[in-house]
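For reference, the structure is listed below as structure tokens.
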Amino acid sequence: MTSSSAPILITGAGQRVGLHCAQRLLEDGHAVIFSYRTERPGVQTLRDLGATAVFADLSSEAGIFAFINELKTHTDCLRAIVHNASEWLGENPDTDASAFTRMFSVHMLAPYLINLHCADLLQRSSPADIVHISDDVTRKGSSKHIGYCASKAGLDSLTLSFAAKYAPCIKVNGISPALLLFNPEDDAAYRAKALAKSALGIEPGSEVIYQSLRYLLDNPYVTGTTLTVNGGRHLK
């Protein structure tokens, strides 16, 4: 992937997959701006590597616009926007409405508003890309995590709509991963059950998402597509 003077924005890059992708982009010679909501070790790691950190609370309209305004004080152009920020909240009768609203804001309203109000930054770069990080769960739905699945499915729809809106100047694509990384507290039984859901049966780690992101940034003839990165779960 060729380097560019225009920075790449990646949201929610303070840990796990977002952190890995931000580090790899820096290694590839890109300037990186990233958003974070909570101070974590990964946030300082990226600062130390030269990335620009911008606080963002994407759970409300006011927070989203505050982030956009702050972002524009740091740069007047962007090579790409990678919407990685995500929220996973359980659903119960006491919190279902607030949880759905919060996940809708993070997964749909934030990408929607950022794409609309930062298009001028992308239009100053060629090539230019938007990448939405979705979830393989949208392929078949989820009886246990309805709000999460629905809001991620909405993000898939935004991929198609913005690809049509911004062609040919800005390519817009998505990445739809299944299991990537276990948590330290996941026990052996859970891990075995989760691995059995895919045809390949491995815990692939974060690099497979970076490889997918790199493909989308590099390929000039792909837009309106969501890459499935699920180890063959659809085959089981």
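The values are calculated or read from the model by the stated rules, or taken from the named source; none is laboratory data. Just so it is clear, the structure is predicted and the values come from calculations on it, not from any experiment. FYI the Cβ positions are ideal-geometry reconstructions off the backbone, even for glycines, and counts take in every protein chain you see.
Here is a list of conditions, (1) crowded, with 19+ Cβ neighbours inside 10 Å; (2) over 22 Å from PHE34 (Cβ atoms); (3) among the aliphatic types (A, V, I, L, M), and LEU89 meets all of them except one; can you say which number that is?
Of (1) crowded, with 19+ Cβ neighbours inside 10 Å; (2) over 22 Å from PHE34 (Cβ atoms); (3) among the aliphatic types (A, V, I, L, M), only one is false for LEU89: (1).
If LEU116 passes every condition in (1) surrounded by fewer than 14 Cβ atoms within 10 Å (Cβ to Cβ); (2) of a type in the set (A, V, I, L, M); (3) under 18 Å from the mean Cα position of the chain (by Cα); (4) over 25 Å from ARG37 (Cα atoms) but one, which one does it miss?
(4)
Within the range 11-33, count every residue that is closer than 12 Å to PHE55 by Cα and either outside any loop (DSSP other than H, G, I, E, B) or not aliphatic (A, V, I, L, M) (or both).
4
Going by the conditions given, is ALA6 part of a loop (DSSP other than H, G, I, E, B) and within 16 Å of the chain's Cα centre (by Cα)?
no
Residues that are within 19 Å of the chain's Cα centre (by Cα) and within 23 Å of GLN211 (Cα to Cα): does the range 58-76 have at least one?
no
Applying the selection to the range 91-121, what residues are closer than 22 Å to SER176 by Cβ and out of contact with any helix residue (DSSP H, G or I) (no Cβ under 7 Å at 6 or more places or on another chain)?
ARG102, SER105, VAL106
Among residues belonging to the range 156-186 that are in contact with a Phe, Trp or Tyr (Cβ under 9 Å, 6 or more places away or on another chain) and among the aliphatic types (A, V, I, L, M), point out the one that is surrounded by the most Cβ atoms within 10 Å (Cβ to Cβ).
Among those that are in contact with a Phe, Trp or Tyr (Cβ under 9 Å, 6 or more places away or on another chain) and among the aliphatic types (A, V, I, L, M), it is VAL172.
Go over the candidates TYR215, TYR210 one by one and state the one that is farther than 17 Å from ALA22 by Cβ and surrounded by 14 or more Cβ atoms within 10 Å (Cβ to Cβ).
Sole residue among the options that is farther than 17 Å from ALA22 by Cβ and surrounded by 14 or more Cβ atoms within 10 Å (Cβ to Cβ): TYR215.
Of everything in the range 90-148, what is of a type in the set (S, T, N, Q) and touching a Leu at 6+ places or on another chain (Cβ under 7 Å)? Give them in sequence order.
SER105, SER125, SER134
One residue is enough: does the range 192-203 have a residue meeting the conditions modelled with pLDDT of 95 or more, surrounded by 18 or more Cβ atoms within 10 Å (Cβ to Cβ) and touching a Ser or Thr at 6+ places or on another chain (Cβ under 8 Å)?
For the range 192-203, residues modelled with pLDDT of 95 or more, surrounded by 18 or more Cβ atoms within 10 Å (Cβ to Cβ) and touching a Ser or Thr at 6+ places or on another chain (Cβ under 8 Å): absent.
With respect to SER86, determine if the residue is small (Gly, Ala, Ser) and in contact (Cβ under 8 Å) with a residue 24 or more places away in the chain.
So SER86 fits the description; yes.
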